[in-house]
Amino acid sequence: MRAASLLLLAGGSLLAACTANEPAPAPTPAVQKIGSCEALTGLALKDGKVDAATSLAGGAMVNLEAGKPGLPAPAAFCRVQATLSPVPGSSIKVEVWLPERAGWNGKLLGAGNGGFGANMLLPSLLMRGAVQKGYAAVGTDMGHVSEADVDASWALNAPEKVRDYGWRANHVGAETAKQVIAAYYEGPLAASYFHGCSDGGRQALTLAQRYPADYDAIIAGAPAMPWTRMASAFANNAVTANKPGGDLSMAKLKLLQAASLGQCDALDGVKDGVIDDPRACHFDPAKLACKGGEGADCLTPGEVATAKLFYEGPKTADGKSFYPGFAPGAEAEAGTWSQWLTGKTSQHVKFGTAFFRYFVHANPDWQLSNFNLERDYALAKARVGGDLDADRTDLGAFYKRGGKLILYHGWNDAGIPAQNTVDYYERLVAANPKAASTSVRLFMVPGMSHCLAGPGPNNFDPLAALDGWRRGGPAPERIIATKYDNDLFAYIGLPAKAGRTRPLCAFPKVAKWDSKGSTDDAASFTCEAPGK
């Protein structure tokens, strides 16, 4: 789901039953050291074999889909491709990218996928950056191939594919990567990390909850969880936004953004087109309600109702909050409300329809117009919640082995509400305050959209922060983010021009300007408690 622009409960007896019924892990077969990259071809793996191993020079094109352009290799590496079938009905494509032996830093990065998965494109973006830094890297297709990350037709009456997607693919991917690394490199694996955003963030939390020994430390960005509740909110938003008179045009989105920024942009002392901490902004769209009939500069009752839903989030029949709403300040930004929330082809329409059609009702003809929030959420949770939801707060096994977790989320995200990650972090702290204080950090990113891009500085390096922390350094309290002229290029390691910088502060602290230095320079900001 990493910006469909590019990308895009665990809990309870159902999860316990699923976990209890999992077969005991088979011992990893011993392997002899293999001299060349190509000699890895045919290597027997726990759940399959290596289909191909190819040496690629730096700059060579890495083609992930036949007939589609790829990206240049950031450095020379050995590309290992494997197919795993841990159970009948399962077929998981895995790629392990191995830097040249002299350049390997001794560590592994697992890369999450996005949306409903589709291919290797999204994980390859993270893998590309990892190889550039000397990491071995692994990613999977989540156990299926489809045309787009909003396509869930593969899940129709396919319970093993749902389990691959929900929790198994990244686990067997980690096992495979470690076996291939042991066969290829002389030295042992020193550390293994995982990074995913959006559904990749859900995958990251799933690993910490289900398979705490797979990775030593984990980065979870904008986690799509708990999936069944989130998808129900998507469907509810889609139904409401498309009621007659309820859709918000781009002109009305611009009206909302101008008003919300006008009220709240300068609350942090810096007027820069970004609301630094939207929790301090209490914007009410009703202030824009038309007084004497419809007009271009006001909102009709239906438009006010839709805007209120988006800001406040869905509610149950008795008025209780069901899922958080979206922060103000990004209503008309590219890749935000107009892409995710409004119109008949929004991402929430696509994801909500596909999820309930193929995962829940097993009916390709099911229509979003039949959706009922409380009824369909209960059904979704009962049928697939144990495989897909990832909001457990008991990370005891992960903490016990020294695991570290970095969470992050962009406040301008219009795909998954940023408040959802704040809420989960606060539940983690409440569940185990001592462990969370030494093992978990949350970084909120002002002005960042879904996983990347947006008007605020949004390119930062959580991996470097995580690595230093896991190796015995202090917990990260401040990470520098940069705004580029092309944020996507910068994210995947292609040339881009750097602009302003800003510190990201460990939650609940926020960046405070010193009122003297340049507001485009992170050095002019300190991390302080909100309200100081």
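Computed values, structure above
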| read-out | value |
| --- | --- |
| Every pair of residues 6+ apart whose Cβ atoms lie under 7 Å, when the first sits in the stretch 357-380 and is open to solvent by 50 Å² or more (accessible area, probe 1.4 Å) while the second is not in a helix (DSSP H, G or I) | P364/L156; E374/T316; E374/A317 |
| Top-ranked residue in the stretch 233-280 [being within 25 Å of the chain's Cα centre (by Cα) and not in a helix (DSSP H, G or I); ranked as surrounded by the fewest Cβ atoms within 10 Å (Cβ to Cβ)] | G273 |
| Members of the stretch 104-155 that are surrounded by fewer than 24 Cβ atoms within 10 Å (Cβ to Cβ), farther than 19 Å from A82 by Cα and not small (G, A, S) | W104, N105, K107, Q132, K133, E147, V150, D151, W154 |
| Verdict on R101 being open to solvent by 10 Å² or more (accessible area, probe 1.4 Å), under 19 Å from G173 (Cβ atoms) and at pLDDT 95 or above | no |
| Index of the failed condition, A213 passing every other in (1) over 23 Å from the mean Cα position of the chain (by Cα); (2) surrounded by fewer than 22 Cβ atoms within 10 Å (Cβ to Cβ) | (1) |
| Options G196, G173; residue that is open to solvent by less than 10 Å² (accessible area, probe 1.4 Å), out of contact with any Pro (no Cβ under 6 Å at 6 or more places or on another chain) and not in a helix (DSSP H, G or I) | G196 |
| Among residues of the stretch 363-394, those that are in contact with a Gly (Cβ under 9 Å, 6 or more places away or on another chain) and part of a helix (DSSP H, G or I), counted | 7 |
| Pick from the stretch 429-486, criterion aromatic (F, W, Y) and under 20 Å from G200 (Cα atoms), ranking: surrounded by the fewest Cβ atoms within 10 Å (Cβ to Cβ) | F460 |
| Pairs where the first residue, in the stretch 91-116, is under 16 Å from L207 (Cβ atoms) and the second is among the polar types (S, T, N, Q) and part of a strand (DSSP E or B), C-beta under 6 Å, 6+ apart | I92/T140; V94/T140; L108/S192 |
| Scan of the stretch 71-127 for residues that are closer than 25 Å to A490 by Cβ and among the hydroxyl-bearing types (S, T, Y), ordered by number | S124 |
| Count of residues meeting criterion [touching a strand residue (DSSP E or B) at 6+ places or on another chain (Cβ under 8 Å) and closer than 23 Å to N420 by Cα] in the stretch 179-212 | 13 |
| Residues of the stretch 485-532 classified as farther than 25 Å from L125 by Cα and in a helix (DSSP H, G or I), total | 3 |
| Members of the stretch 395-419 found to be in a helix (DSSP H, G or I) and open to solvent by less than 10 Å² (accessible area, probe 1.4 Å), listed by number | F398, A418 |
| Members of the stretch 142-170 found to be over 19 Å from D47 (Cβ atoms), aliphatic (A, V, I, L, M) and outside any helix (DSSP H, G or I), listed by number | A148, V150, A152, L156 |
| The lone exception for L309 - which of (1) assigned to a loop (DSSP other than H, G, I, E, B); (2) of a type in the set (A, V, I, L, M); (3) within 18 Å of D247 (Cβ to Cβ) it fails | (1) |
| Residue count, the stretch 332-341 (criterion: under 26 Å from A155 (Cα atoms) and open to solvent by less than 20 Å² (accessible area, probe 1.4 Å)) | 2 |
| Residue check for F489: farther than 21 Å from L205 by Cβ and not polar (S, T, N, Q) | yes |
| Enumeration of residues in the stretch 281-294 that are open to solvent by less than 80 Å² (accessible area, probe 1.4 Å) and either among the basic types (K, R) or outside any loop (DSSP other than H, G, I, E, B) (or both) | P285, A286, L288, A289 |
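The values are calculated or read from the model by the stated rules, or taken from the named source; none is laboratory data. Predicted, not measured: the structure shown is a model, and the values here were computed from it. Virtual Cβ from ideal backbone geometry, glycine too; neighbours counted across all protein chains shown. All accessible areas refer to the heavy atoms of the entire protein, side chains included, with ligands and DNA or RNA removed. Shrake-Rupley method; radii C 1.70, N 1.55, O 1.52, S 1.80 Å.
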